[in-house]
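Some notes on the structure that comes next.
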Ligand SMILES: Cc1cc2nc3c(=O)[nH]c(=O)nc-3n(C[C@H](O)[C@H](O)[C@H](O)COP(=O)(O)OP(=O)(O)OC[C@H]3O[C@@H](n4cnc5c(N)ncnc54)[C@H](O)[C@@H]3O)c2cc1C
(Lines give C-alpha, C1' and ligand atoms only; values in the text may rest on other atoms or scores of the structure.)
Protein backbone atom coordinates (compact mmCIF):
# COMPACT_ATOMS: atom_id res chain seq x y z
CA UNK A 1 0.00 0.00 0.00
CA UNK A 2 1.29 3.48 -0.90
CA UNK A 3 1.56 5.86 2.07
CA UNK A 4 0.94 9.58 1.60
CA UNK A 5 3.80 11.85 2.59
CA UNK A 6 2.09 15.01 3.77
CA UNK A 7 3.52 18.17 2.25
CA UNK A 8 5.11 20.71 4.46
CA UNK A 9 4.76 24.49 4.29
CA UNK A 10 8.21 25.58 5.43
CA UNK A 11 6.77 28.60 7.20
CA UNK A 12 4.30 29.37 9.98
CA UNK A 13 1.19 31.53 10.01
CA UNK A 14 1.57 35.16 11.11
CA UNK A 15 -1.93 35.99 12.37
CA UNK A 16 -2.13 36.74 16.10
CA UNK A 17 -2.99 33.34 17.58
CA UNK A 18 -5.80 32.43 19.99
CA UNK A 19 -5.02 33.33 23.55
CA UNK A 20 -6.61 30.06 24.66
CA UNK A 21 -6.11 27.21 22.14
CA UNK A 22 -8.89 24.57 22.08
CA UNK A 23 -8.37 21.52 24.25
CA UNK A 24 -8.25 18.65 21.78
CA UNK A 25 -7.03 15.13 22.19
CA UNK A 26 -3.47 14.04 21.48
CA UNK A 27 -2.64 12.10 18.27
CA UNK A 28 -4.65 8.96 17.67
CA UNK A 29 -3.00 5.78 18.96
CA UNK A 30 -4.29 2.24 18.55
CA UNK A 31 -7.33 1.05 16.65
CA UNK A 32 -10.72 2.72 17.00
CA UNK A 33 -14.10 2.27 15.31
CA UNK A 34 -16.35 5.10 14.19
CA UNK A 35 -19.62 5.53 12.35
CA UNK A 36 -18.03 8.36 10.39
CA UNK A 37 -14.42 9.43 9.91
CA UNK A 38 -13.89 12.97 8.65
CA UNK A 39 -10.39 13.55 7.24
CA UNK A 40 -9.47 17.24 7.43
CA UNK A 41 -10.46 19.81 10.05
CA UNK A 42 -10.81 22.92 7.88
CA UNK A 43 -14.11 24.71 7.29
CA UNK A 44 -15.65 21.84 5.29
CA UNK A 45 -14.64 19.07 7.71
CA UNK A 46 -15.71 20.89 10.87
CA UNK A 47 -19.01 22.07 9.37
CA UNK A 48 -19.80 18.54 8.19
CA UNK A 49 -18.90 16.94 11.54
CA UNK A 50 -20.89 19.50 13.49
CA UNK A 51 -24.03 19.29 11.31
CA UNK A 52 -23.93 15.48 11.23
CA UNK A 53 -23.45 15.27 15.01
CA UNK A 54 -26.41 17.57 15.55
CA UNK A 55 -28.64 15.67 13.13
CA UNK A 56 -27.68 12.29 14.66
CA UNK A 57 -26.46 12.67 18.24
CA UNK A 58 -26.08 8.88 18.59
CA UNK A 59 -23.38 8.65 15.90
CA UNK A 60 -19.71 8.40 16.86
CA UNK A 61 -17.74 10.77 14.61
CA UNK A 62 -13.96 11.18 14.52
CA UNK A 63 -12.11 13.98 12.77
CA UNK A 64 -8.45 13.48 11.82
CA UNK A 65 -6.10 16.28 10.81
CA UNK A 66 -2.43 15.99 9.90
CA UNK A 67 -1.68 19.53 11.12
CA UNK A 68 -0.43 19.98 14.66
CA UNK A 69 -2.78 22.85 15.48
CA UNK A 70 -6.15 24.17 14.31
CA UNK A 71 -4.54 27.15 12.55
CA UNK A 72 -1.75 25.33 10.74
CA UNK A 73 -3.85 24.37 7.69
CA UNK A 74 -5.14 26.81 5.04
CA UNK A 75 -8.20 27.41 7.23
CA UNK A 76 -6.01 29.46 9.58
CA UNK A 77 -3.58 30.75 6.95
CA UNK A 78 -5.98 32.62 4.69
CA UNK A 79 -6.67 36.37 4.39
CA UNK A 80 -9.89 36.24 6.42
CA UNK A 81 -12.42 37.57 3.86
CA UNK A 82 -15.71 35.73 4.43
CA UNK A 83 -17.42 36.55 1.17
CA UNK A 84 -21.14 36.61 0.46
CA UNK A 85 -20.79 37.23 -3.28
CA UNK A 86 -18.69 35.39 -5.87
CA UNK A 87 -15.68 37.50 -7.02
CA UNK A 88 -16.60 36.96 -10.67
CA UNK A 89 -20.22 37.08 -11.61
CA UNK A 90 -20.33 37.08 -15.43
CA UNK A 91 -23.02 38.59 -17.58
CA UNK A 92 -24.97 35.88 -19.43
CA UNK A 93 -28.36 34.81 -18.02
CA UNK A 94 -26.91 31.45 -16.98
CA UNK A 95 -23.96 33.13 -15.19
CA UNK A 96 -26.25 35.55 -13.37
CA UNK A 97 -28.54 32.73 -12.27
CA UNK A 98 -25.53 30.80 -10.98
CA UNK A 99 -24.26 33.92 -9.15
CA UNK A 100 -27.64 34.21 -7.40
CA UNK A 101 -27.46 30.56 -6.38
CA UNK A 102 -23.91 31.07 -5.06
CA UNK A 103 -25.06 34.19 -3.21
CA UNK A 104 -27.73 32.13 -1.38
CA UNK A 105 -25.15 29.49 -0.47
CA UNK A 106 -22.41 31.91 0.61
CA UNK A 107 -24.82 33.94 2.70
CA UNK A 108 -25.97 30.74 4.43
CA UNK A 109 -22.29 29.96 5.08
CA UNK A 110 -21.81 33.39 6.70
CA UNK A 111 -24.98 32.96 8.79
CA UNK A 112 -23.86 29.55 9.99
CA UNK A 113 -20.42 30.86 10.98
CA UNK A 114 -21.90 33.86 12.77
CA UNK A 115 -24.28 31.60 14.71
CA UNK A 116 -21.30 29.63 16.01
CA UNK A 117 -19.14 32.68 16.67
CA UNK A 118 -21.92 34.22 18.72
CA UNK A 119 -23.06 31.04 20.52
CA UNK A 120 -19.52 30.10 21.54
CA UNK A 121 -18.14 33.62 22.08
CA UNK A 122 -15.36 32.96 19.55
CA UNK A 123 -13.00 35.91 19.64
CA UNK A 124 -11.87 36.29 16.01
CA UNK A 125 -12.17 40.05 15.29
CA UNK A 126 -15.40 39.46 13.30
CA UNK A 127 -16.24 42.69 11.44
CA UNK A 128 -18.93 43.39 8.92
CA UNK A 129 -16.60 45.61 6.89
CA UNK A 130 -17.58 44.96 3.26
CA UNK A 131 -14.87 44.98 0.60
CA UNK A 132 -13.34 47.18 -2.09
CA UNK A 133 -12.87 45.50 -5.47
CA UNK A 134 -10.27 47.73 -7.14
CA UNK A 135 -8.47 48.05 -10.42
CA UNK A 136 -5.04 49.58 -10.78
CA UNK A 137 -4.60 50.34 -14.46
CA UNK A 138 -6.30 53.24 -16.17
CA UNK A 139 -7.93 52.21 -19.45
CA UNK A 140 -8.65 48.74 -18.07
CA UNK A 141 -12.23 49.60 -17.16
CA UNK A 142 -13.99 46.71 -18.89
CA UNK A 143 -13.69 44.28 -15.95
CA UNK A 144 -15.10 46.68 -13.35
CA UNK A 145 -17.81 47.80 -15.78
CA UNK A 146 -18.98 44.19 -16.24
CA UNK A 147 -18.83 43.66 -12.48
CA UNK A 148 -20.92 46.79 -11.85
CA UNK A 149 -23.53 45.78 -14.43
CA UNK A 150 -23.74 42.28 -12.96
CA UNK A 151 -24.26 43.70 -9.46
CA UNK A 152 -27.11 45.81 -10.82
CA UNK A 153 -28.71 42.82 -12.50
CA UNK A 154 -28.68 40.76 -9.33
CA UNK A 155 -29.80 43.85 -7.36
CA UNK A 156 -26.78 43.89 -5.09
CA UNK A 157 -26.02 47.26 -3.46
CA UNK A 158 -22.67 48.87 -4.35
CA UNK A 159 -20.80 52.15 -4.32
CA UNK A 160 -18.48 53.21 -7.12
CA UNK A 161 -15.34 55.10 -6.08
CA UNK A 162 -12.75 57.02 -8.04
CA UNK A 163 -9.05 57.38 -7.21
CA UNK A 164 -9.62 60.38 -4.94
CA UNK A 165 -12.35 58.68 -2.87
CA UNK A 166 -10.24 55.52 -2.62
CA UNK A 167 -7.27 57.58 -1.43
CA UNK A 168 -9.39 59.03 1.36
CA UNK A 169 -10.60 55.61 2.47
CA UNK A 170 -7.57 53.38 1.84
CA UNK A 171 -4.77 55.91 2.23
CA UNK A 172 -3.26 55.23 -1.21
CA UNK A 173 -3.70 56.68 -4.68
CA UNK A 174 -2.51 53.40 -6.19
CA UNK A 175 -5.94 52.34 -7.44
CA UNK A 176 -7.65 53.97 -10.37
CA UNK A 177 -11.20 52.86 -9.58
CA UNK A 178 -13.07 50.60 -7.21
CA UNK A 179 -16.45 49.19 -6.25
CA UNK A 180 -17.42 48.80 -2.61
CA UNK A 181 -19.93 46.08 -1.68
CA UNK A 182 -21.11 45.85 1.90
CA UNK A 183 -21.63 42.07 2.43
CA UNK A 184 -18.13 40.79 3.25
CA UNK A 185 -17.02 39.90 6.80
CA UNK A 186 -13.38 40.25 7.84
CA UNK A 187 -11.89 38.00 10.53
CA UNK A 188 -8.68 36.68 12.02
CA UNK A 189 -8.97 33.18 10.44
CA UNK A 190 -6.53 31.48 12.84
CA UNK A 191 -8.75 32.45 15.75
CA UNK A 192 -11.95 31.59 13.88
CA UNK A 193 -10.93 28.02 12.97
CA UNK A 194 -9.51 27.45 16.42
CA UNK A 195 -12.79 28.56 18.01
CA UNK A 196 -14.82 26.34 15.68
CA UNK A 197 -12.61 23.36 16.51
CA UNK A 198 -13.11 23.97 20.20
CA UNK A 199 -16.91 24.11 19.91
CA UNK A 200 -17.71 20.72 18.37
CA UNK A 201 -20.60 18.65 19.75
CA UNK A 202 -19.81 15.94 22.33
CA UNK A 203 -20.15 13.01 19.92
CA UNK A 204 -17.26 14.34 17.77
CA UNK A 205 -13.63 13.55 18.67
CA UNK A 206 -10.94 15.59 16.95
CA UNK A 207 -7.34 14.38 16.63
CA UNK A 208 -4.56 16.71 15.43
CA UNK A 209 -1.12 15.44 14.42
CA UNK A 210 -2.94 12.50 12.88
CA UNK A 211 -2.49 12.42 9.11
CA UNK A 212 -4.41 9.78 7.20
CA UNK A 213 -1.55 8.04 5.40
CA UNK A 214 -3.56 5.53 3.40
CA UNK A 215 -7.08 4.13 3.09
CA UNK A 216 -8.26 0.63 2.31
CA UNK A 217 -11.85 0.64 1.13
CA UNK A 218 -14.31 -2.21 1.60
CA UNK A 219 -17.42 -2.78 3.66
CA UNK A 220 -15.70 -0.61 6.24
CA UNK A 221 -12.92 1.83 5.36
CA UNK A 222 -9.62 1.29 7.11
CA UNK A 223 -7.69 4.52 7.60
CA UNK A 224 -4.03 4.21 8.54
CA UNK A 225 -2.38 6.92 10.63
CA UNK A 226 1.23 7.01 11.98
CA UNK A 227 0.32 5.47 15.34
CA UNK A 228 -3.13 4.04 14.85
CA UNK A 229 -6.00 3.10 12.62
CA UNK A 230 -9.68 3.98 12.24
CA UNK A 231 -12.29 1.52 11.02
CA UNK A 232 -15.12 3.69 9.73
CA UNK A 233 -18.51 2.84 8.26
CA UNK A 234 -18.43 6.02 6.18
CA UNK A 235 -15.77 8.59 5.31
CA UNK A 236 -15.93 12.28 4.47
CA UNK A 237 -12.79 13.55 2.72
CA UNK A 238 -12.42 17.20 3.71
CA UNK A 239 -8.80 17.41 2.59
CA UNK A 240 -9.46 19.96 -0.20
CA UNK A 241 -6.20 20.72 -2.06
CA UNK A 242 -4.46 17.64 -0.66
CA UNK A 243 -7.20 15.18 -1.64
CA UNK A 244 -5.37 13.85 -4.72
CA UNK A 245 -2.57 12.67 -2.42
CA UNK A 246 -4.94 10.36 -0.58
CA UNK A 247 -7.18 9.23 -3.43
CA UNK A 248 -5.49 9.98 -6.76
CA UNK A 249 -8.03 7.97 -8.72
CA UNK A 250 -10.97 10.01 -7.49
CA UNK A 251 -9.62 13.50 -7.86
CA UNK A 252 -8.95 14.20 -11.51
CA UNK A 253 -11.06 17.28 -11.22
CA UNK A 254 -8.99 19.73 -9.14
CA UNK A 255 -5.46 21.11 -9.15
CA UNK A 256 -3.54 22.32 -6.10
CA UNK A 257 -1.90 25.70 -5.99
CA UNK A 258 -0.16 27.64 -3.26
CA UNK A 259 -0.50 31.31 -2.50
CA UNK A 260 1.32 33.58 -0.04
CA UNK A 261 0.41 36.16 2.59
CA UNK A 262 2.42 38.60 4.69
CA UNK A 263 1.44 40.60 7.71
CA UNK A 264 3.28 43.78 8.70
CA UNK A 265 4.14 44.81 12.23
CA UNK A 266 1.46 47.08 13.75
CA UNK A 267 2.03 50.60 12.43
CA UNK A 268 3.56 53.08 14.83
CA UNK A 269 1.88 56.37 15.73
CA UNK A 270 4.40 58.18 13.48
CA UNK A 271 3.46 55.92 10.55
CA UNK A 272 -0.28 56.26 11.21
CA UNK A 273 0.02 60.04 10.83
CA UNK A 274 0.84 59.44 7.14
CA UNK A 275 -2.51 57.70 6.58
CA UNK A 276 -6.04 59.20 6.64
CA UNK A 277 -6.93 60.16 10.17
CA UNK A 278 -10.28 58.38 10.17
CA UNK A 279 -9.00 55.18 8.45
CA UNK A 280 -10.57 52.06 9.99
CA UNK A 281 -10.06 48.42 9.06
CA UNK A 282 -10.88 47.49 5.47
CA UNK A 283 -10.34 44.78 2.84
CA UNK A 284 -9.54 45.08 -0.86
CA UNK A 285 -9.71 42.36 -3.52
CA UNK A 286 -8.06 42.64 -6.97
CA UNK A 287 -9.86 42.45 -10.30
CA UNK A 288 -7.44 39.66 -11.25
CA UNK A 289 -7.07 37.12 -8.43
CA UNK A 290 -3.93 35.51 -9.89
CA UNK A 291 -1.95 38.58 -10.92
CA UNK A 292 -3.36 40.94 -8.31
CA UNK A 293 -3.05 41.31 -4.55
CA UNK A 294 -5.58 41.04 -1.76
CA UNK A 295 -4.94 43.72 0.84
CA UNK A 296 -6.27 44.38 4.32
CA UNK A 297 -5.78 46.99 6.98
CA UNK A 298 -6.60 45.35 10.31
CA UNK A 299 -8.06 46.72 13.51
CA UNK A 300 -4.65 46.33 15.20
CA UNK A 301 -3.09 48.63 12.52
CA UNK A 302 -1.33 46.06 10.37
CA UNK A 303 -1.43 45.54 6.62
CA UNK A 304 -2.00 42.08 5.16
CA UNK A 305 -0.77 41.44 1.61
CA UNK A 306 -1.85 38.24 -0.22
CA UNK A 307 -0.18 37.93 -3.60
CA UNK A 308 1.58 35.39 -5.84
CA UNK A 309 0.06 32.07 -6.87
CA UNK A 310 2.22 29.10 -7.89
CA UNK A 311 1.43 25.54 -8.96
CA UNK A 312 1.87 23.18 -6.01
CA UNK A 313 0.49 19.91 -7.24
CA UNK A 314 1.98 18.06 -4.25
CA UNK A 315 1.09 20.91 -1.89
CA UNK A 316 4.61 21.61 -0.62
CA UNK A 317 6.21 25.07 -0.45
CA UNK A 318 9.93 25.65 0.18
CA UNK A 319 11.61 28.30 2.34
CA UNK A 320 13.10 29.88 -0.81
CA UNK A 321 9.65 30.21 -2.39
CA UNK A 322 8.45 31.90 0.81
CA UNK A 323 11.43 34.32 0.81
CA UNK A 324 10.73 35.15 -2.84
CA UNK A 325 7.08 35.94 -2.01
CA UNK A 326 8.20 38.15 0.90
CA UNK A 327 10.42 40.14 -1.50
CA UNK A 328 7.49 40.59 -3.90
CA UNK A 329 5.20 41.70 -1.06
CA UNK A 330 7.73 44.26 0.23
CA UNK A 331 8.20 45.70 -3.23
CA UNK A 332 4.48 45.92 -3.91
CA UNK A 333 3.74 47.49 -0.53
CA UNK A 334 6.36 50.22 -1.12
CA UNK A 335 4.67 51.03 -4.44
CA UNK A 336 1.25 51.19 -2.80
CA UNK A 337 2.29 53.25 0.22
CA UNK A 338 5.34 55.32 -0.84
CA UNK A 339 4.58 57.85 1.94
CA UNK A 340 5.55 55.20 4.51
CA UNK A 341 9.04 55.31 2.99
CA UNK A 342 9.58 51.55 2.95
CA UNK A 343 10.08 51.48 6.73
CA UNK A 344 7.13 49.21 7.53
CA UNK A 345 8.51 45.75 8.28
CA UNK A 346 6.84 42.48 7.38
CA UNK A 347 6.45 40.51 10.59
CA UNK A 348 5.91 37.23 8.77
CA UNK A 349 5.28 35.67 5.35
CA UNK A 350 3.58 32.31 4.96
CA UNK A 351 1.83 30.12 2.39
CA UNK A 352 -1.14 27.82 2.12
CA UNK A 353 -2.70 25.55 -0.47
CA UNK A 354 -5.93 26.01 -2.37
CA UNK A 355 -7.70 23.78 -4.85
CA UNK A 356 -8.81 25.05 -8.21
CA UNK A 357 -11.27 23.47 -10.62
CA UNK A 358 -11.51 24.12 -14.33
CA UNK A 359 -15.05 25.51 -14.35
CA UNK A 360 -15.10 26.92 -10.78
CA UNK A 361 -17.65 24.29 -9.70
CA UNK A 362 -17.11 22.20 -6.57
CA UNK A 363 -16.45 18.52 -6.01
CA UNK A 364 -19.35 17.61 -3.77
CA UNK A 365 -21.20 14.41 -2.91
CA UNK A 366 -20.41 10.71 -3.19
CA UNK A 367 -17.04 9.83 -4.74
CA UNK A 368 -16.65 6.15 -3.89
CA UNK A 369 -18.06 3.30 -1.88
CA UNK A 370 -18.99 4.91 1.48
CA UNK A 371 -16.81 7.93 0.65
CA UNK A 372 -18.05 11.50 0.27
CA UNK A 373 -16.32 14.83 -0.25
CA UNK A 374 -16.75 18.61 -0.28
CA UNK A 375 -13.68 19.98 -2.08
CA UNK A 376 -12.72 22.39 -4.88
CA UNK A 377 -12.70 25.61 -2.83
CA UNK A 378 -11.36 27.73 -5.73
CA UNK A 379 -9.45 30.00 -3.40
CA UNK A 380 -12.37 31.52 -1.48
CA UNK A 381 -13.59 28.82 0.83
CA UNK A 382 -14.47 30.16 4.29
CA UNK A 383 -18.19 30.63 3.61
CA UNK A 384 -18.28 28.30 0.60
CA UNK A 385 -16.70 25.26 2.29
CA UNK A 386 -18.66 25.84 5.50
CA UNK A 387 -21.98 25.59 3.71
CA UNK A 388 -20.74 22.78 1.44
CA UNK A 389 -19.79 20.72 4.52
CA UNK A 390 -23.01 21.49 6.36
CA UNK A 391 -25.23 20.62 3.39
CA UNK A 392 -23.33 17.42 2.75
CA UNK A 393 -24.33 16.21 6.23
CA UNK A 394 -28.00 16.73 5.33
CA UNK A 395 -27.48 15.07 1.95
CA UNK A 396 -25.83 11.91 3.33
CA UNK A 397 -28.50 11.60 6.02
CA UNK A 398 -31.23 12.21 3.42
CA UNK A 399 -32.55 15.09 5.56
CA UNK A 400 -34.43 17.86 3.78
CA UNK A 401 -32.64 21.19 3.55
CA UNK A 402 -33.83 23.99 1.24
CA UNK A 403 -30.27 24.66 -0.02
CA UNK A 404 -29.25 21.12 -1.03
CA UNK A 405 -30.93 21.81 -4.40
CA UNK A 406 -28.79 24.97 -4.79
CA UNK A 407 -25.63 23.01 -4.01
CA UNK A 408 -26.50 20.50 -6.72
CA UNK A 409 -27.44 23.31 -9.12
CA UNK A 410 -23.97 24.93 -9.11
CA UNK A 411 -22.67 21.92 -11.03
CA UNK A 412 -19.70 19.61 -10.76
CA UNK A 413 -16.01 20.24 -11.44
CA UNK A 414 -14.94 19.30 -14.97
CA UNK A 415 -12.32 16.63 -15.58
CA UNK A 416 -8.72 17.90 -15.85
CA UNK A 417 -6.02 16.45 -18.08
CA UNK A 418 -3.90 13.72 -16.46
CA UNK A 419 -0.45 14.41 -15.01
CA UNK A 420 2.13 15.42 -16.39
CA UNK A 421 -0.12 17.22 -18.89
CA UNK A 422 -1.88 18.77 -15.89
CA UNK A 423 1.36 20.32 -14.61
CA UNK A 424 1.92 21.97 -17.99
CA UNK A 425 -1.74 23.07 -18.23
CA UNK A 426 -1.62 24.68 -14.75
CA UNK A 427 1.63 26.53 -15.56
CA UNK A 428 0.27 27.78 -18.89
CA UNK A 429 -3.00 28.92 -17.35
CA UNK A 430 -1.14 30.81 -14.56
CA UNK A 431 1.12 32.46 -17.16
CA UNK A 432 -1.92 33.47 -19.19
CA UNK A 433 -3.64 35.01 -16.13
CA UNK A 434 -0.46 36.88 -15.18
CA UNK A 435 -0.24 38.26 -18.72
CA UNK A 436 -3.93 39.26 -18.85
CA UNK A 437 -3.62 40.94 -15.45
CA UNK A 438 -0.07 42.28 -15.93
CA UNK A 439 -1.15 45.87 -15.30
CA UNK A 440 -2.99 44.92 -12.11
CA UNK A 441 -1.66 44.35 -8.60
C1 LIG B 1 -2.88 32.73 1.67
C2 LIG B 1 -4.32 32.34 1.48
C3 LIG B 1 -5.31 33.32 1.50
C4 LIG B 1 -6.65 32.97 1.36
N5 LIG B 1 -7.61 33.93 1.54
C6 LIG B 1 -8.91 33.57 1.62
C7 LIG B 1 -9.89 34.52 1.99
O8 LIG B 1 -9.61 35.67 2.30
N9 LIG B 1 -11.19 34.12 2.01
C10 LIG B 1 -11.56 32.83 1.72
O11 LIG B 1 -12.75 32.52 1.75
N12 LIG B 1 -10.63 31.91 1.42
C13 LIG B 1 -9.33 32.22 1.36
N14 LIG B 1 -8.38 31.29 1.10
C15 LIG B 1 -8.81 29.91 0.80
C16 LIG B 1 -9.29 29.17 2.06
O17 LIG B 1 -8.28 29.13 3.02
C18 LIG B 1 -9.71 27.77 1.65
O19 LIG B 1 -10.63 27.86 0.60
C20 LIG B 1 -10.34 27.01 2.80
O21 LIG B 1 -9.45 26.87 3.88
C22 LIG B 1 -10.77 25.62 2.31
O23 LIG B 1 -11.45 24.96 3.35
P24 LIG B 1 -11.47 23.38 3.41
O25 LIG B 1 -12.06 22.98 4.69
O26 LIG B 1 -12.08 22.84 2.18
O27 LIG B 1 -9.94 22.93 3.30
P28 LIG B 1 -8.70 23.32 4.22
O29 LIG B 1 -8.99 24.50 5.03
O30 LIG B 1 -7.52 23.31 3.33
O31 LIG B 1 -8.63 22.08 5.22
C32 LIG B 1 -8.16 20.83 4.83
C33 LIG B 1 -7.54 20.17 6.04
O34 LIG B 1 -7.20 18.82 5.70
C35 LIG B 1 -6.00 18.48 6.35
N36 LIG B 1 -5.42 17.35 5.62
C37 LIG B 1 -5.03 17.29 4.32
N38 LIG B 1 -4.60 16.06 3.99
C39 LIG B 1 -4.74 15.31 5.11
C40 LIG B 1 -4.51 13.95 5.41
N41 LIG B 1 -4.02 13.08 4.49
N42 LIG B 1 -4.76 13.50 6.67
C43 LIG B 1 -5.27 14.34 7.61
N44 LIG B 1 -5.51 15.65 7.38
C45 LIG B 1 -5.27 16.12 6.15
C46 LIG B 1 -5.16 19.75 6.30
O47 LIG B 1 -4.20 19.74 7.34
C48 LIG B 1 -6.24 20.81 6.49
O49 LIG B 1 -6.36 21.23 7.83
C50 LIG B 1 -7.02 31.60 1.15
C51 LIG B 1 -6.03 30.63 1.11
C52 LIG B 1 -4.70 30.98 1.28
C53 LIG B 1 -3.67 29.89 1.25
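Among the residues of the stretch 65-85, which ones are at pLDDT below 95, under 10 Å from residue 352 (Cα atoms) and either over 12 Å from the mean Cα position of the chain (by Cα) or more than 6 Å from the ligand (Cβ to nearest atom) (or both)?
Selection gives 72 alone.
Filter the stretch 83-99 down to the residues that are buried (at least 19 other Cβ atoms within 10 Å of the Cβ) and in a helix (DSSP H, G or I) and list them by number.
98, 99, listed by residue number.
Under the condition of being assigned to a helix (DSSP H, G or I) and away from the ligand (no atom under 11 Å from the Cβ), which residue from the stretch 246-275 is surrounded by the fewest Cβ atoms within 10 Å (Cβ to Cβ)?
Narrowing the stretch 246-275 to residues assigned to a helix (DSSP H, G or I): 246, 269-272.
Restricting the remaining residues to those that are away from the ligand (no atom under 11 Å from the Cβ) gives 269-272.
Working: 269: 7, 270: 9, 271: 18, 272: 15.
Taking the candidates together, the pick is 269.
Which of the residues belonging to the stretch 151-185 are more than 19 Å from residue 296 (Cβ to Cβ) and part of a loop (DSSP other than H, G, I, E, B)?
Hits for the stretch 151-185 are 154, 155, 156, 157, 158, 176.
Please go through the stretch 276-287 and give me each residue that is surrounded by fewer than 22 Cβ atoms within 10 Å (Cβ to Cβ) and in contact with a helix residue (DSSP H, G or I) (Cβ under 8 Å, 6 or more places away or on another chain), ordered by number.
If the condition is that a residue be surrounded by fewer than 22 Cβ atoms within 10 Å (Cβ to Cβ) and in contact with a helix residue (DSSP H, G or I) (Cβ under 8 Å, 6 or more places away or on another chain), then 276, 279, 282 are the ones that fit.
Counting only residues that are over 25 Å from the mean Cα position of the chain (by Cα) and at pLDDT below 90, how many does the stretch 333-360 have?
Within the stretch 333-360, residues that are over 25 Å from the mean Cα position of the chain (by Cα) and at pLDDT below 90 number 3.
For the condition in contact (Cβ under 8 Å) with a residue 12 or more places away in the chain, under 18 Å from residue 79 (Cα atoms) and surrounded by fewer than 17 Cβ atoms within 10 Å (Cβ to Cβ), what is the one hit in 182, 201?
None of the other options fit; the residue is 182.
On the given criteria, is residue 104 touching a residue at least 12 places away in the same chain (Cβ under 8 Å), outside any loop (DSSP other than H, G, I, E, B), more than 10 Å from the ligand (Cβ to nearest atom) and under 22 Å from the mean Cα position of the chain (by Cα)?
Working: touching a residue at least 12 places away in the same chain (Cβ under 8 Å): yes; outside any loop (DSSP other than H, G, I, E, B): yes; more than 10 Å from the ligand (Cβ to nearest atom): yes; under 22 Å from the mean Cα position of the chain (by Cα): yes.
When the stated conditions are applied, residue 104 passes them.
Could you give every pair whose Cβ atoms fall below 7 Å, whose first residue belongs to the stretch 374-401 and is over 13 Å from residue 50 (Cα atoms) and free of Cβ contacts under 8 Å to residues at least 12 places away in the same chain, and whose second residue is part of a helix (DSSP H, G or I) and more than 6 Å from the ligand (Cβ to nearest atom), counting only separations of at least 6 or pairs across chains?
401/391; 401/394
Please specify each residue of the stretch 225-245 satisfying the condition of being more than 10 Å from the ligand (Cβ to nearest atom), surrounded by fewer than 24 Cβ atoms within 10 Å (Cβ to Cβ) and in a strand (DSSP E or B).
Within the stretch 225-245, 228, 229, 231, 233, 234 meet the criteria.
Of all the residues that make up the stretch 372-394, how many are over 20 Å from residue 73 (Cα atoms) and surrounded by 20 or more Cβ atoms within 10 Å (Cβ to Cβ)? Walk me through it before giving the result.
Filtering the stretch 372-394 for residues over 20 Å from residue 73 (Cα atoms) gives 372, 391-394.
Pick out the ones that are also surrounded by 20 or more Cβ atoms within 10 Å (Cβ to Cβ) and you get 372, 391-393.
Within the stretch 372-394, residues that are over 20 Å from residue 73 (Cα atoms) and surrounded by 20 or more Cβ atoms within 10 Å (Cβ to Cβ) number 4.
For the stretch 361-371, give me the residue count where each residue is under 19 Å from the mean Cα position of the chain (by Cα) and buried (at least 18 other Cβ atoms within 10 Å of the Cβ).
Narrowing the stretch 361-371 to residues under 19 Å from the mean Cα position of the chain (by Cα): 361-364.
Narrowing further to those that are buried (at least 18 other Cβ atoms within 10 Å of the Cβ): 362-364.
Within the stretch 361-371, residues that are under 19 Å from the mean Cα position of the chain (by Cα) and buried (at least 18 other Cβ atoms within 10 Å of the Cβ) number 3.
Could you look through the stretch 54-64, keep only residues that are surrounded by 23 or more Cβ atoms within 10 Å (Cβ to Cβ) and more than 6 Å from the ligand (Cβ to nearest atom), and pick out the one that is nearest to residue 106 (Cα to Cα)? Walk me through it before giving the result.
First pass over the stretch 54-64, keeping only residues surrounded by 23 or more Cβ atoms within 10 Å (Cβ to Cβ): 61-64.
Checking which are more than 6 Å from the ligand (Cβ to nearest atom) leaves us with 61-63.
Values: 61: 26, 62: 26, 63: 24 Å.
Per the criteria, the residue is 63.
Return only the number of the condition from (1) farther than 30 Å from residue 175 by Cα; (2) more than 11 Å from the ligand (Cβ to nearest atom) that residue 335 does not satisfy.
Condition not satisfied by residue 335: (1).
Anything in the stretch 339-383 that is in a loop (DSSP other than H, G, I, E, B) and near the ligand (Cβ under 7 Å from one of its atoms)? List them, or say none. Explain how you work it out, then say what you get.
As a first pass, look at the stretch 339-383 and keep what is in a loop (DSSP other than H, G, I, E, B): 341-345, 357-362, 369-370, 376-381.
If the condition is that a residue be in a loop (DSSP other than H, G, I, E, B) and near the ligand (Cβ under 7 Å from one of its atoms), then 377, 379, 380, 381 are the ones that fit.
Which number in (1) touching a residue at least 24 places away in the same chain (Cβ under 8 Å); (2) more than 23 Å from the chain's Cα centre (by Cα) marks the one condition that residue 162 misses?
It is condition (1) that residue 162 fails.
Conditions first: (1) more than 13 Å from the ligand (Cβ to nearest atom); (2) buried (at least 21 other Cβ atoms within 10 Å of the Cβ); (3) over 19 Å from the mean Cα position of the chain (by Cα). Residue 297 passes all but one, so which condition is the exception?
It fails just one condition, (3).
Just checking, which of 35, 125, 111 is closer than 30 Å to residue 225 by Cα and either within 19 Å of the chain's Cα centre (by Cα) or touching a residue at least 40 places away in the same chain (Cβ under 8 Å) (or both)? Let's see the steps before the verdict.
Working: 125 fails: closer than 30 Å to residue 225 by Cα; 111 fails: closer than 30 Å to residue 225 by Cα.
The conditions single out 35.
The values are calculated or read from the model by the stated rules, or taken from the named source; none is laboratory data. Small disclaimer: the values here were computed from a predicted structure and weren't measured. When we count neighbours, we look across all protein chains shown, and the Cβ atoms used for this are built from the backbone with ideal geometry, even at glycine.
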